[in-house]
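Reading through the structure tokens given below for one structure.
The values are calculated or read from the model by the stated rules, or taken from the named source; none is laboratory data. None of the values given here were measured: they were computed from a predicted structure. Neighbour counts run over all protein chains shown; Cβ positions are idealised from the backbone, glycine included. Side chains are part of the model used for accessible areas, which takes the heavy atoms of the whole protein and leaves out ligands, DNA and RNA. Shrake-Rupley method; radii C 1.70, N 1.55, O 1.52, S 1.80 Å.
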Amino acid sequence: MGTSVDAAIKEENGNVAEKKPIVVFVLGGPGSGKGTQCANIVQHFGYTHLSAGDLLRAEIKSGSENGTMIQEMIKEGKIVPSEVTIKLLQKAMQESGNDKFLIDGFPRNEENRAAFESITKIEPEFVLFFDCSEEEMERRLLNRNQGRVDDNIETIRKRFKVFLESSIPVVEYYDSKGKVRKIDAAKSVEEVFEAVKAIFTQKYEKAAAV
Ligand code: ADP
Ligand code: AMP
């Protein structure tokens, strides 16, 4: 990575306090590798990773009044109401002390998207979209072994259906605005990260050239 790119990252980190947060939405089907790649992006580019699914699972564990409802919805692969997810995202953003966020697994439908934009007034800088076949995603989820209640074949099929019907339209919306950066996510973790890195590096090269 060239020094001009390093300088652009530093300048962004120094300036964020006066600016609106920088948000990158990370979308893709269940098991497409969003969480795996977000961990790499955090290490290289200093973003804070907020996974909507992880926040919802933490909410269940905390014994909150919404916990049972969230647990049921996750078991069925359904989309939890926007107000619950957006509140958790806002709280996590405030508590992070950072102003650069990877929001993973959100927005999951048009209503999520519109509510987030109208409540936070934040538009994503771009949308990373991990493109992967259902066959490959199914294989990965069945091997994930994290003890998740929704990584079983019955729930996985429901999640694929929700993804196609509700989440793809969000990707299409941002694509129509020229904001989607599509990545072939069927490759190895290393190859996918090379493609991801190129997208972030390009962003900083552009900033350095201004
Ligand atoms: P998501 O966050 O999109 O649901 P994860 O990052 O949790 O997906 O990945 C799902 C599973 O697939 C995990 O067990 C992970 O280790 C594995 N995985 C992630 N990326 C790849 C890849 N490029 N090739 C093979 N397996 C992968
Ligand atoms: P994930 O960890 O992204 O695979 O999400 C697991 C499950 O959490 C989903 O199948 C949904 O039931 C729920 N979920 C995750 N993200 C959202 C979201 N943005 N809005 C509503 N529900 C969500």
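For the chain, the direction-averaged projected area of the alpha-carbon convex hull comes to 11.6 nm².
Dividing the C-alpha radius of gyration of region 30-154 by 2.2 N^0.38 Å, with N its residue count, gives 1.07. As a fraction of the 1.4 Å probe accessible area of region 137-204, surface on carbon and sulfur atoms comes out at 49 percent. With both labels modelled 7 Å from their Cα along Cα-to-Cβ, the LYS75 to ARG144 distance reads 1.7 nm. Per-residue packing, averaged as other Cβ atoms within 10 Å, sorts the ranges 97-103, 38-44, 23-29 into the order 23-29, 97-103, 38-44, beginning with the highest.
Taken per residue, the accessible surface of the chain reaches 52 Å², heavy atoms only and a 1.4 Å probe.
Which loop-located trypsin sites (Lys or Arg not before Pro) does region 110-143 contain, where loop means any DSSP state but H, G, I, E or B and the Cβ has at most 16 other Cβ atoms within 10 Å? It would help to have the intermediate numbers written out before the result.
Details: sites: ARG113, LYS121, ARG139, ARG140; in loops: LYS121.
In loop regions of region 110-143 (DSSP not H, G, I, E or B), the sparsely surrounded trypsin sites (Lys or Arg not before Pro) are LYS121.
Relative to one another, the C-alpha centroids of region 175-210 and region 88-151 are positioned 17 Å apart.
Counted residue by residue at 0.36 nm each, then reduced by the alpha carbon distance between them, the extension gain from LYS87 to THR120 reaches 10.9 nm. Rounded to the nearest 500, the helix-only mean residue ellipticity at 222 nm of the chain stands at -17500 deg cm²/dmol, with each DSSP H run of n ≥ 4 adding -39,500 (n - 2.57). Pairs exceeding a 24 Å alpha-carbon distance, out of LYS61/LYS182; LYS34/LYS177; LYS100/LYS179: LYS61/LYS182.
For region 49-96, what is Rg from Cα atoms divided by 2.2 N^0.38 Å, rounded to two decimals?
On the way: Rg = 10.2 Å, N = 48, 2.2 N^0.38 = 9.6 Å.
In units of the 2.2 N^0.38 Å rule of thumb, it is 1.06.
Relative contact order, whole percent, for the chain stands at 34, derived from Cα pairs under 8 Å and 6 or more residues apart.
Can you list which of the DSSP-assigned H helices in the chain have a Cα extent of 27 Å or more along the long axis and an average Kyte-Doolittle score of at least -1.0? Before the final figure, lay out the partial values.
Working: long enough: 189-209 (30 Å, 0.02).
Span-like helices in the chain: 189-209.
Across region 118-197, the convex hull enclosing all Cα atoms gives 140 Å³ per residue.
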